[in-house]
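Worksheet: one structure, shown below.
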Amino acid sequence: MTKKPTVYIETYGCQMNVADSELMYGKLVAHGYEPVDAPDGADVILVNTCAIRENAETRVIGRLGELRRYMKPDTIVGVTGCMAQRLGPRVLEQARHVSLVVGPDGYRALPALLDGARRGEKFTATDFDLEEHYEDVVARRFEGVKAWIPVQRGCDYRCTYCIVPFTRGPERSRKLDDVVREVQQVVEQGLSEVVLLGQTVNSYTDGTHDFADLLRAVGAVDGIRRVRYTSPHPNDFSDRVIDAMASVATVCEHIHLPMQSGSTSMLKRMLRRYSREEYLDCVARMRAAIPGLSLTTDIIVGFPGETDAEFEDTLSLCQEVRFDDAFMFKFSPREGTPATRMPADWTIPDDVMAARFDRLVKTVRGISRENNLKRLGDTVEVLIEKLARDGELWQARSRDFKTVMVPADAGKIGDYLRVQLTGTTGATFTGTPVADAAAGRRERKPLPMAV
Ligand code: 5AD
Ligand code: SF4
């Protein structure tokens, strides 16, 4: 028997890329490849890239250089994902050891492209395909407890800073039945948590069903105990979606709700299509419907023309909403986006950007710490996800997305436990297992045990 060719995929960026890498592994395994978890000596090395900010691309360029040292004379290196889509053939010119450049809608062709590359050819495959959902490809999952499920690809918003509509093309949704079928397979594989993925996931529509229908259908799959989704857009939170979240017991009490800025004038320049007041209204509707809801967000500082007053509005919106956590970013101009065509004198100087960023981080971390201190003593259900970085405790996750460290003898990966939150660093918790299922202060009705 001839030895199977090996493939190593290194993934950068968002969960959609993690899910895409799992699909690529699935496609290649079906064509006789063997996945390996290190680049040394692999027959094929793919780098699945992100283009959202300049530093994401700089990292990949550095890494592509480093990967040379792992190459055998016949190793094929490919670049996939958003940076591949954005730069296309420019990648082949800049990195001579790369043979393939494949955008997010081109992964179906990977086995054929690799055959061509083996014959010494080079390829760029960056056409969008509005029908492409990789329905027939069985993802090869590596995550131990949860499954990433893309339900929508692309984006029809045009936020003026964002490269995603250029790299992932127009929005399209999978059929609800196909998503449900995949969720059932995930349960058969022994997983009980799913994360539904889309660029504006709550604008999901398959022509017949909306995101509320999808939450209800996925949430009702036998054996599923936790449903999450990321990332929604504030404008697509219909009452139907909020109702579905509130009434489906498996949907977790956490929403990642990108805010970007707290200033209405800035939101207008960003083309976010909501005002500060509308964002607050969305938060109020969610909180009224879902007790114990935790909220996280994305914030950009230093977008062109950001005034002191606009930045103060961002800080004050953080104070008003009291987010549990936030991903914070310095604005990074992306070639071809409308933000790069704004007047040059709107550019925020680096020192101002850095000072604002520091203040924002301090504000967000302070609020998060205060929120977390209030939680001490609560009893929550956690799912053990992996070994913590110190190698001695388990890292577990509550339904409302708090990270909780639990003792190693408390269970194993994939177990659900009830723990009391006994300590916090301000960001993460330590938890002590408790036996009494009724002890939770913030808990909704206990879920049926998965069989
Ligand atoms: N510069 C900085 N941050 C950005 N994001 C998207 N584009 C940019 C950019 N050009 C942030 C947004 C988005 C998150 C995924 O990345 O906050 O929600
Ligand atoms: Fe980018 Fe805006 Fe689409 Fe999100 S909604 S992917 S920020 S364009």
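Here, each number is a calculation from the coordinates, and none is a lab measurement. All values derive from a computational prediction rather than experimental measurement. Counting neighbours? That spans all protein chains shown, and the Cβs are built from the backbone with ideal geometry, glycine included.
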Computed [θ] at 222 nm, deg cm²/dmol, the chain (DSSP H ≥ 4; -39,500 (n - 2.57); rounded to nearest 500)
-10000 deg cm²/dmol
Suppose every K and R has +1 on its Cβ and every D and E has -1 on its Cβ; what is the size of the dipole of segment 49-208 about the Cα centre, in Debye to the nearest 20?
800
If you add up the charges near Cys159, with Lys and Arg at +1 and Asp and Glu at -1, over every other residue whose beta carbon is less than 12 angstrom from its beta carbon, what do you get?
+4
Take every Cα-Cα distance within segment 270-355, group them into 5 Å bins from 0 onward, and report for each bin the whole-number percent of pairs it holds.
3, 11, 20, 23, 18, 12, 8, 4, 2, 0
Taking segment 379-438 and dividing mean pair separation by its residue count, relative contact order in percent (alpha carbons under 8 Å, at least six apart):
33
Enumerate the calculated ³J(HN,Hα) couplings along segment 388-394 in order (Karplus 6.51 cos²θ - 1.76 cosθ + 1.60, θ = phi - 60°), each rounded to whole Hz, writing x wherever the residue is Gly or Pro.
5, 4, 6, x, 10, 10, 8
His209, His254 arranged by Cβ crowding within 10 Å, fewest neighbours leading:
His209, His254
The chain, dipole about Cα centre (Lys/Arg Cβ +1, Asp/Glu Cβ -1), debye to the nearest 20:
480
For the chain the mean separation of alpha carbon contacts under 8 Å (6+ apart) over residue count, i.e. relative contact order in percent, is 10
Run the paramagnetic zone check for Gln185: 7 angstrom along Cα to Cβ, then residues of segment 16-43 with backbone nitrogen under 20 Å.
16-36
The answer for the net charge of residues other than Pro104 whose Cβ lies under 9 angstrom from its Cβ, with Lys and Arg +1 and Asp and Glu -1, is -1
Holding the Cα-Cα limit at 31 Å, pick out from Lys175/Lys330; Lys330/Lys412; Lys146/Lys175; Lys27/Lys122; Lys268/Lys386 the pairs that are longer than that.
Lys175/Lys330; Lys330/Lys412; Lys268/Lys386
Given bins 5 angstrom wide, list per bin the percent of all Cα-Cα distances in segment 143-252, short to long.
2, 13, 23, 25, 18, 11, 6, 1, 0
Relative to the present Cα-Cα distance, how much length would full extension add between Asp74 and Ala289 at 0.36 nm per residue of separation?
71.6 nm
Distance in nm between label sites at Lys4 and Arg240, each 7 Å beyond Cα in the beta-carbon direction?
4.3
With r as the distance between the Cβ atoms of Glu131 and Glu312 and R0 = 45 Å, compute the FRET efficiency 1/(1 + (r/R0)^6) and round to 0.05.
0.45
Quick one: which residues, 5 or more positions from Trp394 or on another chain, have an amide H under 5 Å from its amide H? H modelled 1.01 Å from N in the peptide plane, none for Pro or chain starts.
Ala388, Val406, Ala408
Based on DSSP H assignment, which helices of the chain show an axial Cα extent of at least 30 Å together with a mean Kyte-Doolittle hydropathy greater than or equal to -1.0?
350-375
With the convex hull built on the alpha-carbon atoms of the chain, volume per residue in Å³ sits at 156
Euclidean distance of C-alpha centroids, segment 178-202 and segment 78-146, integer Å:
23
With each label point set 7 Å from Cα along the Cα-Cβ vector, what nm distance links Ala427 and Leu373?
1.8
So for the pair Arg322, Ala249, with labels modelled 7 Å out along Cα→Cβ, what separation do we get in nm?
2.9
Just how large is the dipole of segment 143-252 about the Cα centre, in debye to the nearest 20, putting +1 at every Lys and Arg Cβ and -1 at every Asp and Glu Cβ?
260
Which order results if Arg59, Arg69 are arranged by neighbouring Cβ count within 10 Å, fewest first?
Arg69, Arg59
Exposure-ranked with fewest Cβ neighbours within 10 Å first, Lys412, Lys386 stand as Lys412, Lys386
With both partners inside the chain, how many of the DSSP beta bridges are antiparallel, as a percent to the nearest 5?
35
Counting Lys +1, Arg +1, Asp -1, Glu -1, what net charge surrounds Leu130 among other residues with beta carbon under 15 Å of its beta carbon?
-3
Derived scalar couplings ³J(HN,Hα) [segment 199-208; Karplus, 6.51 cos²θ - 1.76 cosθ + 1.60; whole Hz; x for Gly, Pro]
5, 9, 4, 7, 8, 3, 8, 9, x, 10
Listed by chain and number, the residues whose amide H is under 5 Å from that of Thr126, excluding neighbours fewer than 5 places away on the same chain and using placed H, are Gly103
List the cysteines of the chain that have no other Cys Cβ closer than 4.7 Å: which are they?
Cys14, Cys50, Cys82, Cys155, Cys252, Cys282, Cys318
Going by Cα centres, segment 270-285 and segment 1-33 are how many Å apart?
39
